[in-house]
1. Anything over 30 Å Cα to Cα? Flag those among A:Lys19/A:Lys51; A:Lys19/B:Lys10; A:Lys51/B:Lys53; A:Lys51/B:Lys10, in the order listed.
2. Mind checking which chain B residue has its Cβ closest to the axis relating B to A, and how many whole Å off it is?
3. For chain B, restrict the atom set to alpha-carbon positions and state the Rg and Dmax in Å.
4. For A:Glu63, which inter-copy label distances result when the label point lies 7 Å beyond Cα on the Cα-to-Cβ vector, reported in nm to one decimal and in ascending order?
5. Using the alpha-carbon centroid of each, what span in Å lies between the stretch A:12-79 and the stretch B:43-68?
6. In debye to the nearest 20, how big a dipole does the stretch A:2-78 give about its Cα centre with +1 on each Lys and Arg Cβ and -1 on each Asp and Glu Cβ?
7. Please give the charge dipole size of the protein assembly as shown, origin at the Cα centre, charges +1 on K and R Cβ atoms and -1 on D and E Cβ atoms. Round to the nearest 20 debye.
8. Given a Förster radius of 30 Å and the C-beta distance between B:Asp45 and A:Asp47 as r, what FRET efficiency does 1/(1 + (r/R0)^6) yield to the nearest 0.05?
Protein chains: 2
Amino acid sequence: MKAKVHVFLKPGVLDVEGKAVEGALHDLGWSGVGHVRVGKTIEFDFDHADKAKAEAEIKSMAERLLANTVIESYRIEVA
Amino acid sequence: MKAKVHVFLKPGVLDVEGKAVEGALHDLGWSGVGHVRVGKTIEFDFDHADKAKAEAEIKSMAERLLANTVIESYRIEVA
């Protein structure tokens with residue numbers, strides 16, 4: 001199955017990359033842009049028969065490796 | 001409106017970050033994981049009345065700033 005893990009900084013944690021992108025977009029004339037957040041998406045194939053168990057495994061991957069849960073939150077998609 | 005731009009390396013472009021994540025997941029015992037790709041997601045609020053025109057603007061942002069279209073592809077979501 002195809003798995004996606006979206007990782008974003010938690011609200012309240014300063015997103016310097018997002019701020020830089022926002023500034024650049026404003027400089028290019030897109031003044032209507034705000035609240036820019038830059039996150040990471042990890043996509044992969046996961047060889048697993050049981051979807052519910054696979055989701056639990058992917059949650060464990062996110063907690064152990066893919067996200068730093070002190071400052072980042074994550075969302076899992078399995079298709 | 002809420003906009004999301006997903007940016008990924010094009011197929012065929014070596015994704016070193018993806019390879020590193022894949023190796024680490026294998027080392028942690030998840031041998032069923034393959035084809036790991038790591039991408040970027042830029043989320044923002046965009047103040048625009050017309051959804052179709054907003055999409056065209058966001059495409060322009062992606063081409064000019066958010067993605068390096070020589071090696072990256074992008075996908076836009078507007079909600």
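1. Numbers: A:Lys19/A:Lys51 37 Å; A:Lys19/B:Lys10 26 Å; A:Lys51/B:Lys53 39 Å; A:Lys51/B:Lys10 28 Å.
With Cα atoms farther than 30 Å apart: A:Lys19/A:Lys51; A:Lys51/B:Lys53.
2. Closest to the rotation axis on chain B: B:Thr41, 3.
3. Cα radius of gyration and Dmax of chain B are 15.8, 50 Å respectively.
4. 4.6
5. Centre-to-centre distance over Cα atoms comes out at 19 Å.
6. Using only the charged Cβ atoms, the result is roughly 180 debye.
7. 140 debye
8. On the way: r = 39 Å, r/R0 = 1.29.
Rounded to the nearest 0.05, the efficiency is 0.20.
Here, each number is a calculation from the coordinates, and none is a lab measurement. Just so you know, these numbers come straight off a predicted model, no measurement behind them. Cβ atoms come from the backbone with ideal geometry, glycine included; neighbour counts cover every protein chain shown.
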